[in-house]
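Q: Quick one: the structure is below, and I'll ask about it shortly.
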Amino acid sequence: MNTHATDMTATTTPMKMATRDVHVFYGKKEAIKGVDIDIDMDNVTAFIGPSGCGKSTFLRTLNRMNDTIPSARVTGTITLDGEDIYDSAMDVVQLRARVGMVFQKPNPFPKSIYDNIAYGPRIHGLATDKAELDRIVEKSLQRAGLWAEVKDRLGDSGTALSGGQQQRLCIARAIAVDPEVILMDEPCSALDPIATAKIEELIHELRGKYAIVIVTHNMQQAARVSQRTAFFHLGDMVEYGETSELFTNPKEEKTRDYITGRYG
Ligand SMILES: Nc1ncnc2c1ncn2[C@@H]1O[C@H](COP(=O)(O)OP(=O)(O)OP(=O)(O)O)[C@@H](O)[C@H]1O
């Protein structure tokens, strides 16, 4: 149990995901050491902390992406709307549609822009005909702020777009299967400042429609895009609370050291 975590239970916003005593091991190495966190629908949650502290590892537990790493083992409980996502009855493909993910490096499929978006709805049977699929593609690209730029070239390859556009395409692809949660693992680290600003703006617009969790190295970015921040250090979640509070009045010394740059 992490005794330092800020008590967020006093808030009235609905909890979408909750983790209790979550540990992650890579072989014998313990990368996450008992994390309890509640993630609500209405806020963007940022995970910050020094390199190697376990932010990405913990993020990946939230949609069982760690299942793809043979040495990784997760213990503890993680729920989505109260349902245990590690239960053997959980359909992992379905789970990853409900809890979508956007990676550090934009990774569009080597397919057309249209097919990048249509892929998920097709395999999940979300559209009954072509017109409906067209509507999903348009709506997803609209939501990701990309429609105006690509509407006349939907047949072009997704990989021919700029890096920032590719990342918005990946966000649109996640949105297309109607997720409840979107996990973003340093989504701007490969982007220039203008493309980064567009993604940050997009995160603002998506807030409330999806529960959003973002891992970022960049504290200014966490301060700009999130309302809740969790600070990780050496596999522990040291502090979790309102972003404005955590950055101006941290409760833990380790958090203070990190945000004031005293921690290398
Ligand atoms: N696939 C893996 N196999 C073994 N160890 C791993 C693996 N992935 C991560 N680790 C280790 O787990 C720890 C946490 O790594 P993780 O990538 O989650 O940290 P992070 O905070 O996201 O770091 P960064 O900010 O540098 O991306 C590190 O010690 C890392 O070396």
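The values are calculated or read from the model by the stated rules, or taken from the named source; none is laboratory data. Since this is a predicted model, take the numbers as computed values, not measurements. For neighbour counting, all protein chains shown are included, and Cβ atoms are generated from backbone atoms with ideal geometry for every residue, glycine included.
Q: Test Arg262 against the stated conditions and say whether it is more than 28 Å from Asp81 (Cβ to Cβ) and not in a helix (DSSP H, G or I).
A: So Arg262 passes the test.
Q: Give me the residue from the range 25-51 that is farther than 21 Å from Ala223 by Cα and assigned to a loop (DSSP other than H, G, I, E, B) and, out of that set, farthest from the ligand (Cβ to nearest atom).
A: Lys28
Q: Can Ile113 be described as farther than 17 Å from Ile182 by Cβ, surrounded by 14 or more Cβ atoms within 10 Å (Cβ to Cβ), more than 16 Å from the ligand (Cβ to nearest atom) and not polar (S, T, N, Q)?
A: Considered against the rule, which asks whether it is farther than 17 Å from Ile182 by Cβ, surrounded by 14 or more Cβ atoms within 10 Å (Cβ to Cβ), more than 16 Å from the ligand (Cβ to nearest atom) and not polar (S, T, N, Q), Ile113 comes out as yes.
Q: Of all residues being at pLDDT 95 or above and assigned to a helix (DSSP H, G or I) in the range 121-133, which is nearest to the chain's Cα centre (by Cα)? Just the residue, please.
A: Here the answer is Pro121.
Q: Report, by residue number, each residue of the range 26-36 that is over 10 Å from Phe232 (Cβ atoms) and of a type outside the set (Lys, Arg).
A: Result: Tyr26, Gly27, Glu30, Ala31, Gly34, Asp36.
Q: Can you tell me which residue is surrounded by the fewest Cβ atoms within 10 Å (Cβ to Cβ) among those in the range 144-196 that are of a type in the set (Lys, Arg) and either within 16 Å of the ligand (Cβ to nearest atom) or closer than 26 Å to Arg60 by Cα (or both)?
A: Only one residue tops the list, namely Arg173.
Q: Do you know which residues across the range 153-195 are of a type in the set (A, V, I, L, M, F, W, C), out of contact with any Ser or Thr (no Cβ under 7 Å at 6 or more places or on another chain) and under 16 Å from Leu206 (Cα atoms)?
A: Leu169, Cys170, Ile171, Ala174, Val177, Val181, Ile182, Leu183, Met184, listed by residue number.
Q: Within the range 226-236, is there a residue that is on the phi > 0 side of the Ramachandran plot, touching a Cys at 6+ places or on another chain (Cβ under 9 Å), within 13 Å of the ligand (Cβ to nearest atom) and not small (Gly, Ala, Ser)?
A: yes
Q: Taking Glu252 as the residue in question, decide whether it is closer than 27 Å to Glu149 by Cα, charged (D, E, K, R) and in contact (Cβ under 8 Å) with a residue 40 or more places away in the chain.
A: Answer is no for this residue.
Q: Can I ask one more? Report every pair of residues separated by at least 6 positions or lying on different chains whose Cβ atoms are under 6 Å apart, first residue within the range 38-52 and more than 20 Å from His233 (Cα to Cα), second hydroxyl-bearing (Ser, Thr, Tyr).
A: Between residues of the range 38-52 that are more than 20 Å from His233 (Cα to Cα) and residues that are hydroxyl-bearing (Ser, Thr, Tyr), the close pairs are Asp40/Thr13; Asp42/Thr13; Val44/Ser226.
Q: Follow-up question, since we're still on this one. Among residues belonging to the range 77-91 that are among the aliphatic types (A, V, I, L, M) and in a loop (DSSP other than H, G, I, E, B), point out the one that is surrounded by the fewest Cβ atoms within 10 Å (Cβ to Cβ).
A: Ala89
Q: Further question: If Thr3 meets every condition in (1) within 16 Å of the ligand (Cβ to nearest atom); (2) modelled with pLDDT under 95 apart from one, which number is that one?
A: The failed condition is (1).
Q: In the list Phe103, Phe47, Phe58, Phe109, which residue meets the criterion of being in contact with a Cys (Cβ under 8 Å, 6 or more places away or on another chain) and not β-branched (Val, Ile, Thr)?
A: Phe103
Q: While we're on this one: If a residue must be within 12 Å of the chain's Cα centre (by Cα) and of a type outside the set (Ser, Thr, Tyr), how many such residues does the range 47-79 contain?
A: 8
Q: A further question on this structure: Among the residues of the range 57-76, what is the count of those that are within 8 Å of the ligand (Cβ to nearest atom), polar (S, T, N, Q) and crowded, with 20+ Cβ neighbours inside 10 Å?
A: Count: 1.
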